[in-house]
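Down below is the structure, laid out as structure tokens.
Read-outs: derived from the displayed coordinates by stated rules, not from any lab. Just so it is clear, the structure is predicted and the values come from calculations on it, not from any experiment. For neighbour counting, all protein chains shown are included, and Cβ atoms are generated from backbone atoms with ideal geometry for every residue, glycine included.
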Amino acid sequence: MADSLIPHLAPTFDEPIDMLNACHGRVLAQLDTLRRLVPHLAQNGSDVQAQQAAGAIMRYFDTAARHHHDDEEVDLLPALMAGAMPLVVPEVQAVRERILAEHARMYALWAALRPQLNDIRLGAGRTLDEALVAELDELYRAHIDFEEDQLLPLARRILDETKLLPIGAAMTARRTTGSGAPG
């Protein structure tokens with residue numbers, strides 16, 4: 001009964017694995033906006049809504065999404081490699097290699113899509129490359145599924161609180177010294 005009186009609070013950087021998981025919902029929301037922008041542009045061109053949406057998508061993927069990737073690449077994956085027992089090392093290495101390869105592909109797709117969004121943000125562009133949008137969307141969705149099915153459970157299994165605290169501190173520092181909201 002008492003549990004129903006306690007509101008569900010969003011995770012904090014004191015819970016870095018939960019925070020990484022929560023970031024996935026924000027990524028998906030931005031991808032939904034990006035997908036909706038394609039038909040909106042066809043119908044309305046670079047109107048004020050399109051310009052604002054393009055700007056918001058750019059801000060998110062330039063900052064928060066990048067921070068999220070850095071959280072994984074700079075902090076979480078190295079901690080997993082350092083903390084993995086010898087029998088688990090091949091599993092961690094396989095997860096690490098896939099995540100890094102997918103991040104590299106995401107960066108390349110974003111680099112191709114960003115100038116189009118910037119033109120829309122400025123009111124000059126009227127279209128987005130639909131195939132590029134679809135590929136980025138599909139890659140991110142599959143990537144998120146993989147992280148939620150493989151990476152995050154692996155991190156919960158391998159990393160204890162003493163190893164998670166520095167990861168949370170690094171995530172906080174990344175966002176307070178850089179710009180951008182949580183992943």
Cα centroid separation, region 26-53 to region 63-122 (Å): 25
The chain, dipole about Cα centre (Lys/Arg Cβ +1, Asp/Glu Cβ -1), debye to the nearest 20: 520
The chain - percent relative contact order, Cα under 8 Å, separation 6 or more: 41
Which of HIS68, THR12, ALA131, positive extreme of dipole for the chain (C-beta unit charges): ALA131
Ellipsoid semi-axes in whole angstrom, largest first, where each is sqrt(5λ) of the Cα gyration tensor of the chain: 33, 19, 14
Signed unit charges on C-beta, dipole axis of region 13-177, positive-most listed residue LEU165, HIS24, ASN118: ASN118
Estimated FRET transfer efficiency (LEU122, ASP149; beta-carbon r; R0 45 Å; 0.05): 0.70
Kyte-Doolittle mean at least -1.0 and Cα axial length at least 30 Å: DSSP H helices in the chain: 16-44, 89-121
